Amino acid sequence: MFERNQKTIFVLDHTRYFSIASEEYISMDFLKGKPSVDGGGPGAATNAGGGGGGSQFSKSLWTCACESSIEYCRVVWDLFPGKKHVRFIVSDTAAHIVNTWSPSTQNMSHVMNAMVMVGVPSRNMPQSSDYSVIHGLRAAIEALAEPTDEQMAAVADFGPEDLTRIPNKGRVICITSARDNTSMKSLEDIFNTVLVQQNALAAPPAKKGLSIDHCHLVILNIVPLGVESLVTNRSLLKISPLLDVEIHTVSAPDISYKLTHLILNHYDLASTTVTNIPMKEEQNANSSANYDVEILHSRRAHSITCGPDFSLPTSIKQGATYETVTLKWCTPRGCGSADLQPCLGQFLVTPVDVTSRPSSCLINFLLNGRSVLLEMPRKTGSKATSHMLSARGGEIFVHSLCITRSCMDEAPAIADGPGGRVSDYRTAELGQLIKMSRMVPLKVKDPAAPNMARRLPRYFPLTTSSSILFHLQRQISWLPHFLHLLVKEDMDKQEEVRCQQHIHELYKSASRGDVLPFTHTNGARLKLSKAKDQYRLLYRELEQLIQLNATTMHHKNLLESLQSLRAAYGDAPLKSESGASLLRSYTESPLSPERLEPLSSGSASGSSNSNSLLKASKRRMSSCGQRSLLDIISSAERSQSNKRLDFSGRLCTPLGQVAKLYPDFGNKEKDPLTTGASITPNVKEESIRS
């Protein structure tokens with residue numbers, strides 16, 4: 001509850017230096033086409049130095065500091081009404097308290113009326129050491145020790161004898177102007193010393209105020225436009241366990257952007273720019289133009305909406321240093337329950353420039369009961385309505401809509417995988433593999449018992465359609481037991497002989513031309529060449545499975561027997577098909593399976609199913625030991641370049657000479673279009689080098 005941003009104190013330097021102009025001139029030409037009369041009141045200046053005639057004026061440093069700091073507290077009070085407190089202290093010969101922690105003084109009207117009474121510093125103010133910002137810094141530390149209403153309620157709960165249990169943190173923003181870094185260092189030392197002294201007064205037995213746990217001091221060193229300062233910027237630095245200090249040097253016209261940037265970090269806010277808002281022009285009511293309005297709100301309005309499929313489109317506003325999220329205006333509608341049902345949260349909204357015409361039009365539009373949907377682009381290129389602006393009880397909120405799968409949606413099926421709807425996942429086999437991989441701790445370990453090293457399968461296709469071998473185990477009765485024997489670590493001689501018999505049975509079936517029994521073939525027999533492809537792919541996959549599990553001499557004997565059968569079948573294995581390459585091919589991440597066409601459940605024909613299976617296996621099996629991707633691209637480029645005809649000028653011109661462009665252009669004898677015409681064209685000869 002008592003965070004560091006609960007208390008914020010502005011200390012404004014009211015010395016003579018702040019009466020000078022900011023050097024950013026504003027034109028006073030209100031009537032278009034009619035030059036205004038030169039002159040004006042105090043502070044007016046003629047446009048000396050170019051840029052056209054007319055009168056213009058420049059704000060003082062004090063006006064820039066007051067406007068930006070009051071705008072800072074307006075944003076705080078709009079977004080955190082009654083929860084965050086801001087105080088103002090004006091410092092010249094003494095500290096002048098503008099408002100207190102009381103809710104009756106925490107409003108814009110009280111602060112602005114007090115600032116009018118303070119007024120701009122006089123230029124006739126004497127140069128004296130009595131005029132200093134140090135008075136305001138001392139008063140700011142004393143104000144931090146004063147409790148707010150929330151802290152007073154905590155004092156009543158804990159009791160006045162135990163004030164140290166009440167957290168008390170705060171932030172002081174000092175707007176001043178120093179000569180160099182040495183002056184800034186002296187301000188830091190004085191502030192830290194006074195802070196320690198104040199905590200000593202708050203300790204027993206004095207107990208004057210609350211003890212300050214931590215203070216964040218932000219010093220804004222402002223200068224007129226175009227003036228270089230000797231004070232360097234410095235990021236947040238820990239001066240002591242009680243004090244952190246950061247220094248920013250900024251020109252007076254840009255102080256509002258700087259405070260807007262700081263308030264985003266101070267209160268965890270985010271900036272959003274609503275783009276393409278159609279508004280009618282003041283001069284012509286029949287035409288409309290698109291405008292942009294920047295608003296501020298809690299950062300959570302974006303963080304709870306975005307998922308992995310969305311990226312926030314950000315940009316930097318001209319003159320600012322912070323990023324703003326750009327969301328596109330959608331067609332407005334009435335605020336109904338259907339739009340708010342997938343809402344993840346609502347947060348108060350306030351415009352950055354509250355006096356601009358686009359901001360006021362948007363605010364009035366929302367306060368009249370309308371709502372606006374905002375679009376956010378997806379990474380795939382499409383868009384989704386991610387936020388909604390609407391008003392409730394005279395306050396404007398941004399609603400974060402649920403654009404991803406919510407708890408109200410049905411649970412995703414296992415068929416909804418990364419590659420689309422896949423219906424042939426080996427779910428049961430995967431469950432058995434998980435059970436095999438389960439490790440259970442033993443309560444009592446027998447020292448005489450040997451270490452039980454469990455060897456897991458090194459080849460596990462995720463889908464049935466990605467493997468011929470595992471696809472056929474439901475149709476061939478002896479194949480499941482055969483696969484179980486191949487992955488055993490302790491294969492004996494009898495099991496080896498049994499596996500040899502099964503391999504010879506496959507060879508006899510291939511010799512007879514029997515088609516492998518794929519599912520959903522609808523009785524359609526494949527051609528003999530297709531059957532050969534089936535057995536060839538089956539042998540390759542079987543050899544790879546044996547290679548990945550070859551741990552005993554019996555496995556190696558099976559591998560040699562299978563390779564001899566492949567050679568007899570006219571499918572000799574490649575030398576580059578080593579175990580390392582196979583292990584690399586079949587131990588990829590299961591989250592990125594190979595994109596294969598799944599077997600249909602009966603809608604597609606059996607021939608198309610088996611053909612897609614053969615094509616997928618061919619692509620996978622033929623990838624081992626072939627050319628690299630660079631070789632394939634290079635050969636394709638060479639073949640394309642050989643088909644392309646060379647430039648005729650390069651072919652007809654001897655080496656080292658210059659080819660003339662359009663040699664027959666303008667020649668009457670060879671140009672059929674100019675026969676009989678007495679036109680002498682002015683031809684500019686151009687040439688290129690061969």
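The values are calculated or read from the model by the stated rules, or taken from the named source; none is laboratory data. Because the structure is predicted, anything quoted here is derived from the model rather than measured. Neighbour counts run over all protein chains shown; Cβ positions are idealised from the backbone, glycine included. These area figures cover heavy atoms from the full protein model, side chains too; ligands, DNA and RNA do not enter into them. Shrake-Rupley method; radii C 1.70, N 1.55, O 1.52, S 1.80 Å.
When the residues of the stretch 125-142 are filtered to those that are surrounded by 18 or more Cβ atoms within 10 Å (Cβ to Cβ) and touching a Phe, Trp or Tyr at 6+ places or on another chain (Cβ under 8 Å), the one that is farthest from Y17 (Cα to Cα) is I141. If you check S128, S60 for being without any contact (Cβ under 8 Å) to a residue 40 or more places away in the chain and over 36 Å from the mean Cα position of the chain (by Cα), only one passes: S128.
Would you check if there is a residue in the stretch 113-124 being farther than 21 Å from R4 by Cβ, surrounded by 13 or more Cβ atoms within 10 Å (Cβ to Cβ) and among the charged types (D, E, K, R)? No, there is no match, as no residue in the stretch 113-124 is farther than 21 Å from R4 by Cβ, surrounded by 13 or more Cβ atoms within 10 Å (Cβ to Cβ) and among the charged types (D, E, K, R). Looking only at residues of the stretch 163-186 that are at pLDDT 90 or above and farther than 24 Å from P253 by Cα, we find that the one that is least open to solvent (accessible area, probe 1.4 Å) is G170.
Is it the case that D268 is in contact with a Leu (Cβ under 9 Å, 6 or more places away or on another chain), at pLDDT 90 or above and of a type in the set (D, E, K, R)? No.
Residues that are exposed (fewer than 11 other Cβ atoms within 10 Å of the Cβ), modelled with pLDDT under 75 and either of a type in the set (S, T, N, Q) or touching a Pro at 6+ places or on another chain (Cβ under 8 Å) (or both) within the stretch 642-671 comprise just one, N642.
Within the stretch 187-214, the residues that satisfy the criterion of being open to solvent by 70 Å² or more (accessible area, probe 1.4 Å) and not charged (D, E, K, R) are T193, V196, Q197, L201, P204, P205. Screening I222, I212 for residues that are in contact (Cβ under 8 Å) with a residue 40 or more places away in the chain and either closer than 30 Å to C64 by Cα or in contact with a Pro (Cβ under 8 Å, 6 or more places away or on another chain) (or both) leaves exactly one candidate, I222.
One line per residue, one yes/no per condition, for (1) in a strand (DSSP E or B); (2) free of Cβ contacts under 8 Å to residues at least 60 places away in the same chain:
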position	(1), (2)
P167	no, no
L201	no, yes
T249	yes, yes
H261	no, no
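Does F88 satisfy being at pLDDT 90 or above and either within 30 Å of F397 (Cα to Cα) or not charged (D, E, K, R) (or both)? Yes, satisfied.
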